[in-house]
Structure formats: C-alpha cells, structure tokens
Amino acid sequence: MSILLLAFDAILLTTLLGLATAAVLSPEPRRATMLFIAFGLWLSLVWARLSAPDVALAEAAIGAGIGGALMLAAARRAARRHADIDADATIDTSEDAR
Amino acid sequence: MNRDLSLLIGILVSLFAVLLLWIVYITLSAETGPRLATLALEQLPESGVSHPVTAVLLNYRAYDTLLELAVLLAALLGIWSLGPAPAGFQLAGPALAVMARWIVPLAILTGGYLLWVGGHAPGGAFQAGALLGSAGVILRLAGHPRAGLPSEEAQRWLVVAGVGVFVLIGLLLAALGYGFLTYPKAGAKWLILLIETAATLAIGATLAAAYVGGRPLGAAPPSTPTPTEDARA
C-alpha cells in the first residue's frame, strides 16, 4: 500500500515539475497559460495529498480557474495589440515604398 | 538577449535555487520547536468557528485577510484606471447558452454552500467568492457585456463592501472597548459570518469585474451625443 502511495507521489511530483518547466519554457503566451492552468489543477491535487483541502480548493478556484481566465484574456488582448501594430507597420512600409 | 547576460542570470537563479534547497534542508532537519498549531487548536472554542483554518483567517489573523481584500480592491482600481471595458463577446450559441443557464445558478449555490460550510469544514470566503467570480466569467463569455454585474454605482459599493464591513466592524469593536477586530466570544460566530458574507460578495464582484477588464459600461454609453455637443456641432 505504501509503495503504491509512494509511486503515486512520484508521478504527481514529476508531472508537476514537467508542467511547470513546460509552462515557463513555452514561447507562445496562450500555450503557456494553458499549461499554467493544468499546472494549477495538478498543484491542487498535491495540496489535497498533503491533506490541506483548504489550500487545494483555493488553488483550483483562484490559481487555476480565475487566474487562468484572466491570463487567457490578457494573452488574447496582447496578441490583438501585436497584430494591430504589425498591420500598422506593414501599412507604413508600403506607404514608404510608394 | 545578450549571451553573457543570460549566462549570468542562469548562474544567479541556480545560486538562488541552491539557497532555497539549503533552507528547506535546515528546516526539515531542525528540531521541532513550539508550534503555533497547538496554540491555535487550544483557542479554537473561543474563536466562534470550529474549523481551524477559518479561525486563523478570520479571527487570529484577521488583519491579513483584511489586507488581502484591500490588495484585491487595489488591483481592480488599477484595471478600472486603464480605461473603459472592451465590448463583450457575441451572444453565445445554443450549446454554450444552455450550459451557462445551468452552470451559473449551480456556481452561485455552491458559493453559498462553501461560505456557510467554512465555519466547520474546508471552505470560506475566498473560495466562495472565486465561484461567484467564475459565474461572472461564464456569463461574460456567453455574451453578457457586464458579466452579470449590476450598474456602475452598485458595482462600486459591492467591491468596497468587503473592506468596508471588515473595517466598520473592527472600529465598532474598538469603540466598544474590545480592541480592533477582537471579537467578543458570544457574537464571534455571527460577526465572522457577516464579514465573510460581505467579503464573498466583494471578491466575486471584484474577480468578475477584473475579467471584464475595464471601467464598467454605464447605463448610457458615453458616445451618445449630449445636447451641448449637438449645439457645438
């Protein structure tokens, strides 16, 4: 039984570290945010395993849920702003060419 | 980025990681001194709630929770100062609309349950508020431009309700001679419940308004021409 639990903890921790690394190293904000949401949900499992259900609830609801939604909205807005700037830049260069 | 600079940052971050690991090691290998947990559990009958986490958050360390609410309020004021909210999404298709119609009441009901159960089991104002906030996020995604929040003036009252009720109760207790946020044993439960209810509403409104992402849209949009502008035109 304890060996099973140990294996479960090992899987939990390695996946958590893997998700964290992937979220930090991901170049695209949208992808990084999705990985961060998965990381938050996984972290709430770790908190539950540490018998801290209060922190697990808060992590799942605020860290992963609301935080993830806010970051997704921010990533979308940033991408739109970049697209606008790029569009302006292409218009400028075409006008310069003329 | 400069190659030398990234190397330097890498070395600094590694040093910091080693420092953190060393701190964890000496914490784990140190002898267990007097712990606060025993003290907190001893005083639990005096605190008005039977769940130790809620007792710490709303009674022993009420200052911390008050300041957390103030941080949320400051964050929302920052978001509102960035300008008016962008227009909402288009109205949801039938599948999302039906899902919102089921999920939003469920989220509100679960939020109320978490608020009440926080007195004796895991739950509490922040979790309940986060559920209310996510109900607002779903409404916004389903095409309600104000995320189900009331008018701008009511929103202002809602988002300061948490800090306001907290400080008012604290000052009232201080005026009655108990000390700031030191609850009398008899009324502690109801004072904590009152503070938590106000905090839940404030957190829910703040998180939903943060997702809207700008100053709330008034009843009359500012682009409607006023008589003076017509005269000038």
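The values are calculated or read from the model by the stated rules, or taken from the named source; none is laboratory data. The structure displayed is predicted, hence computed values, not measured ones. Ideal geometry is used to build each Cβ from the backbone, glycine not excepted, and the neighbour counts take in all protein chains shown.
Being within 11 Å of another protein chain (Cβ to nearest Cβ) and touching a residue at least 40 places away in the same chain (Cβ under 8 Å) narrows it down to one residue among A:30, A:49, A:76; which is it?
A:76
Here is a yes/no grid of residues against (1) part of a helix (DSSP H, G or I); (2) at pLDDT below 85; (3) loosely packed, with under 15 Cβ neighbours inside 10 Å; (4) within 14 Å of chain A (Cβ to nearest Cβ):
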| residue | (1), (2), (3), (4) |
| --- | --- |
| B:98 | yes, no, yes, no |
| B:105 | yes, no, yes, no |
| B:111 | yes, no, no, yes |
| B:129 | yes, no, no, yes |
| B:137 | yes, no, no, yes |
| B:153 | yes, no, yes, no |
| B:163 | yes, no, no, no |
| B:167 | yes, no, no, no |
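Quick one: which helices (runs of 4 or more DSSP H) lie wholly within the stretch B:1-92 and hold at least 2 residues that are of a type outside the set (Lys, Arg) and touching a Phe, Trp or Tyr at 6+ places or on another chain (Cβ under 8 Å)?
Passing ranges, in order: B:62-80.
Do we find that residue B:146 is over 15 Å from the mean Cα position of the chain (by Cα), among the basic types (Lys, Arg) and away from every other protein chain (no Cβ under 14 Å) in this structure?
yes
Would you mention how many residues in the stretch B:179-205 are at pLDDT below 90 and among the hydroxyl-bearing types (Ser, Thr, Tyr)?
2
Report, by residue number, each residue of the stretch B:191-208 that is more than 12 Å from residue B:130 (Cα to Cα) and in contact with a helix residue (DSSP H, G or I) (Cβ under 7 Å, 6 or more places away or on another chain).
B:191, B:192, B:194, B:195, B:196, B:197, B:198
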